[in-house]
């Protein structure tokens with residue numbers, strides 16, 4: 001075999017000695033630049049992300065802020081009409097239905113007329129009142145005369161006493177007739193002036209909607225017959241069944257938030273108004289009533305609710321729940337002191353103690369000093385945490 005001259009062999013060895021290290025360095029440098037651009041670093045417990053990683057992960061920064069949080073007691077129940085929100089309207093006197101002024105389902109206002117009646121009883125009542133006023137006028141004059149005669153010793157004291165007794169009796173009778181006229185929605189002052197009515201108008205004592213009409217035109221109704229039912233759906237009660245173990249924490253005036261089982265997740269608010277004094281034996285629950293001001297036409301009595309009674313409400317240091325992660329049962333947050341616009345961001349862990357949770361917020365207490373000008377990760381915490389786990393492997 002022919003070998004190249006020795007000087008050529010030495011030249012080839014020199015070239016290989018220069019080329020292979022250069023290729024090796026080039027490959028290492030390229031791999032290092034690629035890792036820096038994509039993979040986060042973890043150095044001495046901190047996570048380093050590039051500006052591009054920060055933005056693509058949707059990381060948001062914020063601070064610990066004050067929020068009203070509470071210890072929530074969960075309960076279920078239903079909406080009911082409050083006693084003040086329902087009225088059964090009865091006839092005061094017997095009479096014949098002349099006009100029906102409303103229809104079922106319409107809204108009515110307090111003292112609005114519902115129906116008119118003709119009534120012989122009311123006609124007689126007005127006649128008695130007018131007659132009684134005339135008698136009262138005569139007896140008043142007789143009493144004044146007897147008082148003057150008594151002062152002049154012309155008559156006996158017995159005459160004066162009899163005149164006074166007769167006057168007081170007619171005054172009491174007239175006052176009774178006056179009240180009966182007012183109950184019939186007839187103005188006694190008009191009757192006293194000689195204006196008489198053949199019947200009366202039945203009115204509603206509350207505002208609401210006409211739920212039922214229990215009469216017909218021309219029908220004769222008896223006293224105390226129920227004529228109309230009016231309900232006010234704007235004032236509802238939230239009837240909740242609370243377990244007996246939770247009752248010590250419930251107080252009148254506490255805020256209640258609830259959602260209707262069949263109407264989505266929208267929340268409404270009520271206020272605790274009363275707490276029951278007996279335990280339901282079968283379920284070991286106690287009835288709690290909350291008052292709810294209803295402004296929606298689709299919310300009706302009888303609907304089922306799921307609710308939270310907010311007990312021990314306080315203005316506490318809090319963060320969004322997604323700002324807190326946990327590892328080995330130890331919750332912590334991430335913070336950074338890196339200014340906006342930097343090429344890379346450094347994140348550090350800080351252990352915390354958590355407390356009340358409500359509406360996506362959680363009470364926090366930091367267990368180590370938070371550096372000045374530090375900003376807390378309030379969104380994207382799980383991304384940073386997962387990257388820190390990968391970097392530590």
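The values are calculated or read from the model by the stated rules, or taken from the named source; none is laboratory data. Predicted model only: the values in this text are computed from it and were never measured. A quick note on method: Cβ atoms are made from the backbone with ideal geometry, for glycine too, and the neighbour counts reach across all protein chains shown.
For the reader, a short list of remarks on this structure follows.
- Being in contact with a helix residue (DSSP H, G or I) (Cβ under 9 Å, 6 or more places away or on another chain), closer than 17 Å to residue 46 by Cβ and either assigned to a strand (DSSP E or B) or modelled with pLDDT under 90 (or both) is a property that holds for residue 334.
Yes/no matrix, rows are residues, columns are (1) surrounded by 13 or more Cβ atoms within 10 Å (Cβ to Cβ); (2) in the same structural domain as residue 79 (by TED's automatic domain parsing); (3) under 30 Å from residue 81 (Cβ atoms):
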site	(1), (2), (3)
288	yes, yes, yes
294	yes, yes, yes
299	yes, yes, yes
323	yes, no, no
328	no, no, no
334	yes, no, no
337	yes, no, no
360	no, no, no
375	yes, no, no
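- Some residue of the range 348-365 being under 16 Å from residue 46 (Cα atoms), assigned to a strand (DSSP E or B) and in contact (Cβ under 8 Å) with a residue 60 or more places away in the chain: yes
- Total residues in the range 273-291, condition part of a loop (DSSP other than H, G, I, E, B) and on the phi < 0 side of the Ramachandran plot: 3
- Among the numbered conditions (1) within 27 Å of residue 138 (Cα to Cα); (2) under 49 Å from the mean Cα position of the chain (by Cα); (3) surrounded by fewer than 20 Cβ atoms within 10 Å (Cβ to Cβ), the only one that residue 203 does not meet is (1).
- Search result, residues across the range 292-331 that are out of contact with any strand residue (DSSP E or B) (no Cβ under 7 Å at 6 or more places or on another chain) and at positive phi: 328, 329
- Of all residues in the range 221-272 being in a strand (DSSP E or B) and free of Cβ contacts under 8 Å to residues at least 24 places away in the same chain, the one that is farthest from residue 300 (Cα to Cα): 271
- Filter result for the condition that a residue is surrounded by fewer than 19 Cβ atoms within 10 Å (Cβ to Cβ), more than 20 Å from residue 99 (Cα to Cα), over 39 Å from the mean Cα position of the chain (by Cα) and touching a residue at least 24 places away in the same chain (Cβ under 8 Å), over 194, 218: 194
- Of the listed requirements (1) at pLDDT below 90; (2) loosely packed, with under 15 Cβ neighbours inside 10 Å, residue 82 misses just one: (2).
- Scanning the range 377-390 for residues that are under 19 Å from residue 330 (Cβ atoms), surrounded by fewer than 16 Cβ atoms within 10 Å (Cβ to Cβ) and touching a residue at least 24 places away in the same chain (Cβ under 8 Å) returns a single hit, 382.
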